[in-house]
Every structure is written in structure tokens, then in C-alpha cells.
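Here's the structure, in C-alpha cells; my notes come after.
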Amino acid sequence: MRHHLTLLVVATVLTVCVQRAAGLPGIQGWSVATAFASFLLLAAAMSIGPLNVLKHRPNPLSADLRRDIGIWVAIVAFVHVAIGLQVHLGDPLKYFLIAEPDGTMSLRHDWFGFANYTGLIATFILVILLAVSSDAALRFLGSKNWKSVQRLTYGLALLAIVHGIAYELIENRTLPLVFVFAAMILVVATLQLRGLRIRRRSARSTPPR
């Protein structure tokens, strides 16, 4: 409960700060703010494991703090989806479908559609990850299967990056937002790569039993 109350405050403060810093009007500003807040939390969750490795600390399969941050990644992202679907076209279906000259509807095949498809897939992955974010799910799936599902986080991060870049191009975001987004990606990628190298080096140096 202490984790969740703290993360509620952190998520709220992040969202409000980004909304004010972005300087975007109304609902668009809140859409961008919740997107950035969710990605910041995702970056934090993905940094915990590599930081433990770099500092030679225990890195358990399921850490409460990392899992709780992940839950709030999903919560803020779901708020972003609900707000974001109201920004441009009003009708959420038009984010994914487009009217043809003959009156039928087909999948969007433009850049805007691509941005929304990546967001939709990322949302599905978030639902799956949220569903397994409990001790009960870990016991039910077993450590190996649970870890396999958790690796969807890397796909989620990649989709979030592609989705974010697409919308930055569509909406011609200001340079400060672009720099912050790029900095978050660079920091997490660097930590992940360094952590991976240390784990591989450790695995090679450990004698077989």
C-alpha cells in the first residue's frame, strides 16, 4: 500500500509537471502528459534490474517495487489511451478505420493509422502484463513461464518508442519534448546493455557444476 500511495503521488506530479511544461492546450496537453508520465515510469521499472546488476545487488525474479511501478505504468497508460482517443477525431473508430469513397470502412493505411496500431498493440501487452502482476500469477504460471510473459516488457517498450516517435512527427512536437523522450530512451538502453554485458561476463566466468 505504501508503494501504491507513493506511486499515485509520483504519477500525478509527473503528469501535471509535463502538462505544464509542454504548454499544449486542453485535452491534447493531458494526452501528452500522461504519455510521458507512463513512459517515465516504464523507464524507471526497466532500470531497476540493470542497476541492481551494476551495483552487484540481488536481482530477484519478481521484486515488489518493480512490479508495482509496472502496475502504475499500465494505469497511467490506460488514462492516456482514454484521453488520447478524444484529441483528434472524436470517434475512436476513426483512429483505426477510414471511410472509402464507396462508403465502406477499411483499416487506415497512413502514418496516423500506423501510430495508433502500435499504441493498440502496446495496450494489449499492458493488459497481459497487468494480469500477471501478482504473486498468485507467479505461482500459477511458474517462474519460467512467468518470466517469459514478463519479457513482453521489451516489446512494450519498443512499441511505445515507435508510437511516441510517430506522434511527435504527426503533431510536430517542440524540441524540448523530443530531447526528453530521446534522453529517456538513451538512458534505459544504456543501462540494459551494460547490465546484459555484466550478466554474460558473469555467466562465462562461473564454472559449470
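What the table shows:
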read-out	value
Exposure proxy ranking, count of Cβ atoms within 10 Å, fewest first, for 180, 16	16, 180
Gaussian network model of the chain, springs between alpha carbon atoms under 10 Å - residue of 177, 89, 129 with greatest fluctuation	89
Structure-based [θ]222 nm, the chain - -39500 (n - 2.57) summed over DSSP H runs of at least 4, per residue, nearest 500	-26500 deg cm²/dmol
Cleavage-rule hits (trypsin sites (Lys or Arg not before Pro)) in the stretch 85-175: DSSP loop, at most 11 neighbouring Cβ within 10 angstrom	151
Those residues of the stretch 133-160 whose amide nitrogen sits under 11 Å from the label point placed on residue 52, 7 Å along Cα→Cβ	none
Within-13-Å neighbourhood charge of residue 111 [Cβ basis; K, R +1; D, E -1]	-2
GNM result for the chain, Cα springs below 10 Å: residue of 167, 95, 154 fluctuating most strongly	154
Fraction of the pair-distance distribution of the chain above 24 Å, Cα-Cα pairs, percent	48 percent
For the stretch 1-64 and the stretch 142-199, distance of Cα centres in Å	13 Å
Of 179, 78, 96, the one that fluctuates the most in a GNM where the chain has Cα springs shorter than 10 Å	179
Relative contact order for the chain, counting Cα pairs under 8 Å that sit 6 or more residues apart, in percent	23 percent
Shape call, the stretch 43-94: gyration tensor on alpha carbons, a/c limit 1.5	prolate
Two-site label geometry, residue 145 and residue 27: point separation in nm, points 7 Å out along Cα→Cβ	4.1 nm
Stretch gain in nm, segment residue 158-residue 201, where the contour uses 0.36 nm per residue and the Cα spacing is subtracted	12.9 nm
Amide hydrogen neighbours beyond the local backbone of residue 97, cut-off 5 Å, H modeled	108
Extreme residue, positive dipole direction of the chain, given options 41, 124, 176 (C-beta unit charges)	41
Label-point gap, in nm, between residue 20 and residue 169 - each point 7 angstrom along Cα→Cβ	3.4 nm
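Each value in this text was obtained by applying a stated rule to the coordinates, not by laboratory testing. All values derive from a computational prediction rather than experimental measurement. With ideal geometry, Cβ positions are generated from the backbone for all residues, glycine too; neighbour counts draw on all protein chains shown.
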